[in-house]
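This report concerns only the one structure given below.
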Amino acid sequence: MRDQPSHPPPPEDVLEIGAPAQFAALAHPLRQRLLFALGQRPATVSRLAAQLDAKKGNVAHHLKVLREAGLVHIAETRQVRGGTEQYYQRTARHMVVAEPQAAGTAAMLAAIAQELDRAPVEPHLTLRHLRLSPAKARELGETLAQLVDEAEENPEDQPVHGVLVALYQQAEPTVAAGQ
């Protein structure tokens, strides 16, 4: 019996989100926060509940939804005091939403808002609108993605920081009839 689970790498590097069950699973802020928390290492329901300041029953329910949607899996089990402890892990290091849906996007932003509210230090948050050609927008998006992907992580004793990168074309304002 081991005190710590082994940390096998997830079976996939990138998982493309596209199934309706996956979008439904992503449509809740706690499930988004669970995916964020499982981005570093596998964890038990108890550890996740303590980390996210949530009830174990809620965490277990939402992990079940994420598991049924194929977004998390049980990486390892361990016998403890006559019971079985399960360690959950994301099914992929990176999850990419090919065609974001409003409910999933709203849940992700709500989860990030919760994390920002709980942050122990003042977060850096900037929104800026730029006029860019399609080529410049593509170049900026690729540069931002590369910057985040290539960021070198410090040892595990350092705090975890969340990074949200969003580049989108702002919708043209609609003009009401008669104006």
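The values are calculated or read from the model by the stated rules, or taken from the named source; none is laboratory data. All values derive from a computational prediction rather than experimental measurement. Please note: Cβ atoms are built from the backbone with ideal geometry, for glycine as well, and neighbour counts cover all protein chains shown. Please note that ligands, DNA and RNA were not included when accessible areas were found on the heavy atoms of the full protein model with its side chains. Shrake-Rupley method; radii C 1.70, N 1.55, O 1.52, S 1.80 Å.
Any chance you could run the full-extension gain for residue 151 through residue 109? It's 0.36 nm times the residue separation minus the Cα-Cα distance, nm to one decimal.
12.9 nm
What whole-number volume per residue, in cubic angstrom, does the convex hull of the C-alpha atoms of region 102-162 give?
Residue-normalised Cα hull volume stands at 129 Å³.
If each of residue 143 and residue 160 carries a label point 7 Å out from its Cα toward its Cβ, how far apart are those two points in nm?
Output for this residue pair reads 3.0 nm.
Run through region 109-179 and list the GluC sites (Glu not before Pro) located in a DSSP loop whose Cβ has at most 13 other Cβ atoms within 10 Å.
Counting only loop positions with at most 13 other Cβ atoms within 10 Å, the GluC sites (Glu not before Pro) in region 109-179 are 150, 152, 153, 156.
When the accessible area of the chain is computed with all protein chains present and a 1.4 Å probe, what percentage of it is carbon and sulfur?
That share works out to 52 percent.
For residue 79 and residue 19 in one chain, what is 0.36 nm times their gap in residues minus the Cα-Cα distance, to one decimal in nm?
Answer, rounded to one decimal: 18.2 nm.
Give me the percent of Cα-Cα pairs in the chain that sit more than 24 Å apart, rounded to a whole number.
46 percent
Rounded to the nearest 500, what is the 222 nm mean residue ellipticity of the chain from helices alone, with -39500 (n - 2.57) per DSSP H run of 4+ residues and division by all residues?
Taking each H run of at least 4 residues, the total per residue is -12000 deg cm²/dmol.
Accessible area per residue of the chain at 1.4 Å probe, in Å²?
With the other protein chains kept in place, the chain gives 73 Å² per residue.
How many nm is it between the label spots at residue 125 and residue 94, if each spot is 7 Å from the Cα in line with the beta carbon?
So the label points at residue 125 and residue 94 sit 2.6 nm apart.
Hey, with R₀ at 41 Å, roughly what FRET efficiency would residue 54 and residue 135 work out to, going by the Cβ-Cβ distance, to 0.05?
Using R0 = 41 Å, I get an efficiency of 0.40.
Helix by helix, which DSSP H runs in the chain go 30 Å or more along their axis at the Cα atoms and have an average Kyte-Doolittle hydropathy of 1.0 or more?
none
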